[in-house]
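**Student:** First the structure, which I've put down as C-alpha cells, then a few questions once you've had a look.
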Amino acid sequence: RRIVEHAERQMQLGQRQRDGRPLRDHLLAAQRGGYSHPLLQAPHLPPGGVELWELYLRISRASRQGLNEQPTLAPSQVLSWQQLHGVRLSPWELDTLDAIEQAAIAHHAAQAQAITAQRAEADHNTDD
C-alpha cells in the first residue's frame, strides 16, 4: 500500500499547473521559502519499493502511443518485460503494479474531469 501511496504522490506532484510547470516545482519553491507541504514528505517504502515504482514508469512509458496519451500497463506488457529481461515477478509485485495502474487510471480520470470543468468555466466566463 505504501508503494501505491508513493505513486499517487508522484502523480500529484507531476500535475501541470496553469503556468505549465508541475506542482512539484511550485511546492519546492515554497519549501525554499520555509513552507512544507505534506506531498513533499516521502513515505518510507518497503525494500524494492522504489525499484518497483521505477519499473512501472519504464513499462508504462514504453506503452504510450502519443505524447498526451495516458500511460497504461497491460498484463501482456509486463509479461513481455519479464521475458525480455529473464525476470519473474512475484505475485505481490504483480499485484502492486496492478494497484499502481489502477491509481494512475483514477488520477488521469480526475485530471481530465478537472480540465473539462476548467474549460466549461472559462467558456461560461467568456459568454458573460
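**Student:** Using the crude model of +1 on Lys and Arg Cβ and -1 on Asp and Glu Cβ, and no other charge, please compute the dipole size for the chain relative to its Cα centre, in debye to 20.
**Tutor:** Details: 13 positive and 15 negative charges, 93 e Å.
Value, rounded to 20: 440 debye.
**Student:** In a GNM of the chain with a 10 Å cut-off on Cα contacts, which of PRO47, PRO22, PRO75 has the highest mean-square fluctuation?
**Tutor:** Between PRO47, PRO22, PRO75, it is PRO47 that shows the largest mean-square fluctuation.
**Student:** If you don't mind, another one. Show me the three semi-axes of the equivalent ellipsoid for segment 1-98, from the C-alpha gyration tensor (sqrt of 5 times each eigenvalue), largest first, rounded to whole Å. Walk me through the intermediate numbers first.
**Tutor:** Values: eigenvalues 168, 64, 16 Å².
Result for segment 1-98: semi-axes of 29, 18, 9 Å.
**Student:** Could you sort TYR35, TYR56 by their accessible area in this structure, using a 1.4 Å probe and putting the largest first? Working shown, then result.
**Tutor:** On the way: TYR35 115, TYR56 5 Å².
Result of the area sort, largest leading: TYR35, TYR56.
**Student:** On to the next question. What 222 nm value per residue comes from the helices of the chain, counting each DSSP H run with n ≥ 4 as -39,500 (n - 2.57) and dividing by all residues, nearest 500 deg cm²/dmol?
**Tutor:** Details: 5 runs with 85 residues, N = 128.
So the calculated ellipticity at 222 nm is -22500 deg cm²/dmol.
**Student:** Name the most mobile residue of GLU101, GLU51, GLU93, meaning the one with the largest mean-square fluctuation, in a Gaussian network model of the chain with Cα contacts below 10 Å.
**Tutor:** GLU51
**Student:** Report, to the nearest whole %, how much of the accessible area of the chain belongs to carbon and sulfur atoms, 1.4 Å probe, protein only. Don't jump to the answer; show the numbers that get you there.
**Tutor:** Details: 4550 of 8770 Å².
After summing per-atom areas, the C and S share lands at 52 percent.
The values are calculated or read from the model by the stated rules, or taken from the named source; none is laboratory data. Predicted model only: the values in this text are computed from it and were never measured. All Cβ positions, glycine included, derive from the backbone under ideal geometry; neighbour counts span all protein chains shown. Note: areas computed on protein heavy atoms with side chains; ligands, DNA, RNA excluded. Shrake-Rupley method; radii C 1.70, N 1.55, O 1.52, S 1.80 Å.
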